[in-house]
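Colleague: After the structure tokens below, expect a handful of questions from me.
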Amino acid sequence: MKAAVLRKWIPAVLAPAVVVAVVAGVSISATAQVKLEPKTPQQLVEMIAESSVTDFSGEARATLDLGIPQIPSLGDSGLMPPPGAEPLSDPSAAPATGTQTDTELLKVLSSLSGTHEARIYADGPEKSRIQVMDGMGEENFIRNGSTLWKYDSEENTAVHSTLPEHSGEKPARNAAVPTSPGEMADKFLQTMGQDTEITVQDSTRVAGRDAYTLELVPRSGDSLIAKVSIGVDAATGAPLEVVVDAVGQQEPAITTGFTSFTPEAPDAEVFEFTPPEGASVSEYDFPQQSLGLHNGSKETTEHTKNAMMPEENIVGSGWESIVVLPAKDVPEDLSGDGLLGQLATPVEGGKLLHTSLLNVLITPDGRMILGSVSAARLQAAANE
């Protein structure tokens, strides 16, 4: 299994999930209250489910504070920097002496902190664009019908792909729209069950629009998630913001939402793209299983779900979902003396990597057990 194992499984683990949404906004303001027609939690959940906003544009910001351990750079003598050396400010610039897995892990971990800004545009299910603005560079992800482009302004590189035709098939809800607070809200709402306390708080303003605030509080002594607050546009029912609070952490672990939002179709030219002169252009054959497309049938949806999260790897449900990866599926660099091994702390039953919203336990027999639950819950799952 490649280093992408973390990207594949972390969303499954956070089953309320979160990791690296590059969109979002300012935190919901308790002082910016407005008067709206009262709604019950059920009415607000139904309002979100019935929202049909597919044409919109807006600026967004994501702030992540997951308590990631200090990340070492990859120095000449191995993973740790030579004595007296300064850590790399850009993990992606790590020397080639580190393994590819470690370099990928550095990129993943470094993206799970700080603030990320983006502009997002969508015109129906087949036209979307997200412009990620971090540092001096900008990355663009564009879909215009069956044409896909990814452009990195800093590297001046472009990747082109063409989606195959799917006669009669429709994209899953939000599948063709750039990652948004709506996608994130969907994940949490799908996690809800009898173990969730749901309330509607005072109305507020989000991205300059009147909004309701839906709060989800896990009834669980093991969940690392203390509370999820969803800002819902009063006019359209579209989720505008998601704020995730972690147990024992004063500041939100994740604040992701729009800072401006316009529920109207953007200009068509926004979705047109021609690589700049001198850009390095490559072609990429888009894997069929990665398209996220289905015909909406229960069977197809279930097949897609199981392909991403095999039931035999899932322990528990809802807020207490845990993923157990057998040793054969864990890259040796992650389970051995690689970067993850250095960041992890020895505990009973293995090594533990702790963040405010995710714990990862590496057992002596090479298994990786991870979830948004306490270390004790992971240790119990390891012994089951």
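Readers should treat all values here as calculations from the given coordinates under stated rules, not as data from a laboratory. What you see is a predicted model; the values in this text were computed from it and never measured. Here the Cβ positions follow ideal geometry from the backbone for every residue, glycine too, while neighbour counts run over all protein chains shown.
Colleague: At 0.36 nm per residue, minus the direct Cα-Cα distance, what do M136 and S260 gain on full extension? Give it in nm, one decimal, please.
Modeller: Roughly 42.4 nm would be gained on extension.
Colleague: Go through K227/K328; K39/K127; K127/K227; K35/K187; K187/K328; K127/K187 and tell me which ones have a Cα-Cα distance over 26 Å in this structure.
Modeller: In this structure, K227/K328; K39/K127; K127/K227; K35/K187; K187/K328 exceed 26 Å between Cα atoms.
Colleague: Still on this structure: Using a 7 Å offset from the Cα along the Cα-to-Cβ direction at both D186 and A376, what is the distance between the two label points in nm, to one decimal?
Modeller: 3.7 nm
Colleague: Would you calculate the separation in nanometres between label points at A279 and T147, each defined as 7 Å from the Cα along the Cα-to-beta-carbon direction?
Modeller: Each label point is offset 7 Å from its Cα along the Cβ direction, giving 1.1 nm.
Colleague: On a full-extension model of 0.36 nm per residue, what is the gain between Q342 and E272, subtracting their alpha-carbon distance, rounded to one decimal in nm? Each step should come with its number before you reach the end.
Modeller: Working: separation 70, 0.36 × 70 = 25.20 nm, distance 4.50 nm.
Full-extension gain reported as 20.7 nm.
Colleague: Take the Cα coordinates of the stretch 177-258, assign each an equal point scatterer, and use the Debye formula without solvent to give log10 I(q)/I(0) at q = 0.15, 0.18, 0.25 Å⁻¹.
Modeller: One equal scatterer on each Cα of the stretch 177-258 leads to -0.51, -0.74, -1.29.
Colleague: FRET efficiency for D202 and T115, Cβ-Cβ distance as r, R0 = 35 Å, nearest 0.05?
Modeller: 0.85
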